[in-house]
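Below is one structure, written out as structure tokens; comments come after it.
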Amino acid sequence: MNAFKAIKHLSLIISDAILVEKAKILNSSFIRNRKITLEKLLNYLIFRGEKVLSQDLTKFFCAVDEFDIPSKQAVIKRMNLLNFDVWDEILKRFRKEIYSSMTLYTLKNYIVIAFDGSFANLPPHDAVKQWFGGHMTKKMKIEDIVKPQTKISMAYDVINKLILDFSIGHYRKSEISMMFEHLEKLLPVLKGRKVIFLADRYYGSAEFFKFCEMYDFKYIVRAKKNFFKKLIAEHGKENDFEIDIEFDRAWMKRIKHCNIREAIENDPHLRIRVINTKPSNIKVYISLSHLGQK
């Protein structure tokens with residue numbers, strides 16, 4: 001599937017009447033024929049880019065040859081009726097119907113997917129503070145939060161420049177848990193394919209490494225200073241070496257995903273390669289094949 005066909009198919013997904021059920025907050029939402037249909041609202045939210053709402057409305061509706069521009073109040077009212085979980089459904093269908101059929105650019109036949117997260121500031125509304133949280137001291141109450149924030153996370157096909165999944169969560173939600181949510185959604189389209197995952201130091205997790213081993217996915221992850229510290233210290237000033245990790249019972253109990261815990265119980269060993277990069281001296285973890293070959 002080429003780019004033109006992919007965009008055309010995405011347009012068909014956005015205009016699909018089936019999305020109405022996913023977009024509803026109220027049973028009566030988006031079922032009557034109004035000026036701002038669900039399709040127009042979704043397209044508007046995708047293509048908006050101006051700093052002022054009135055400019056956004058003018059630019060979008062003129063672009064689609066509709067000069068009877070709705071009011072700001074009307075658009076905000078429709079946005080308030082939108083269940084934003086609809087974007088999960090759109091991305092799910094994008095991965096299944098478009099991405100899985102695309103001719104992808106690869107690195108030595110590997111799809112390269114990066115995970116990364118950050119924070120985003122939110123409007124200072126009491127409901128937002130309760131749901132997403134923000135920076136607090138021990139003496140503060142939730143309503144005292146000055147700047148509510150959300151943790152955002154994304155899975156991105158680096159070479160093909162495609163966002164495969166995007167999510168937001170509580171301010172204190174961990175990057176690793178959000179990454180596993182991405183992996184659960186991506187697995188149906190990546191299983192059986194050659195994949196390399198890239199991630200920064202906050203994603204170093206033996207549970208993640210074992211998951212990759214289970215599905216023969218490869219990974220390159222920046223190392224935290226204290227992760228596998230004793231095992232790495234045994235190799236002194238070596239710049240390229242392998243470490244053998246053995247899971248004990250206490251560690252197994254801490255594994256959150258049942259299928260990974262079961263795999264560890266069957267094989268409690270994990271062997272990974274550690275490289276000390278130069279000149280920055282940043283250590284990274286790299287996966288090995290089943291035979292331990294580099």
The long-range amide H neighbours of Ile31, using H built 1.01 Å from N in the peptide plane and a cut-off of under 5 Å, are none
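Can you compute the helix-only [θ] at 222 nm over the chain? Use -39500 (n - 2.57) per DSSP H run of at least 4 residues, normalise by all residues, nearest 500 deg cm²/dmol. Present the calculation step by step, with values, prior to reporting the outcome.
Numbers: 12 runs with 108 residues, N = 294.
It lands at -10500 deg cm²/dmol.
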Rounded to 0.05, the calculated FRET efficiency for the beta carbons of Lys141 and Ser177 at R₀ = 30 Å is 0.70
Note on the chain: alpha-carbon gyration tensor, axes a ≥ b ≥ c; rule is a/c under 1.5 for rounded, else prolate if a/b larger than b/c, else oblate; result prolate
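What shape does the stretch 66-146 take by its C-alpha gyration tensor, where a ≥ b ≥ c are the square roots of the eigenvalues and a/c under 1.5 counts as rounded, a/b above b/c as prolate, and the rest as oblate? Working shown, then result.
Numbers: a/c = 3.22, a/b = 1.35, b/c = 2.39.
It comes out oblate by the Cα gyration axes.
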Rounded to one decimal in nm, the spacing of the 7 Å Cα→Cβ label points at Asn160 and Lys5 is 1.3
PRE zone check, label point 7 Å out along Cα-to-Cβ of Ile220, amide N under 15 Å, scope the stretch 183-208, hits 195-201
A correct Karplus calculation of ³J(HN,Hα) over the stretch 187-199, with 6.51 cos²θ - 1.76 cosθ + 1.60, θ = phi - 60°, whole Hz and x for Gly and Pro, returns 3, x, 9, 9, 4, x, 9, 7, 9, 10, 9, 10, 7
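Starting with the highest mean, order 17-26, 100-109, 38-47 by the number of other Cβ atoms within 10 Å, averaged over the residues of each peptide. Don't skip to the end; give the middle numbers.
Numbers: 17-26: 14.5, 100-109: 11.7, 38-47: 17.6.
Result, highest mean Cβ count within 10 Å first: 38-47, 17-26, 100-109.
Carbon and sulfur together cover what percent of the accessible area of the chain at a 1.4 Å probe radius? Numbers along the way, then the final one.
Values: 9950 of 18110 Å².
Taking all protein chains in place, the chain shows 55 percent carbon and sulfur surface.
Quick one: putting +1 on the C-beta of Lys and Arg, -1 on the C-beta of Asp and Glu, what dipole do you get for the chain around its Cα centre, in Debye to the nearest 20?
Numbers: 51 positive and 35 negative charges, 114 e Å.
The dipole of the chain has a size of about 540 debye.
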Within the under-13-Å Cβ sphere about Lys191, not counting Lys191, Lys/Arg +1 and Asp/Glu -1 give a net charge of +3
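The values are calculated or read from the model by the stated rules, or taken from the named source; none is laboratory data. The structure displayed is predicted, hence computed values, not measured ones. FYI the Cβ positions are ideal-geometry reconstructions off the backbone, even for glycines, and counts take in every protein chain you see. What goes into the accessible areas is simple: the full protein's heavy atoms, side chains included, and nothing from ligands, DNA or RNA. Shrake-Rupley method; radii C 1.70, N 1.55, O 1.52, S 1.80 Å.
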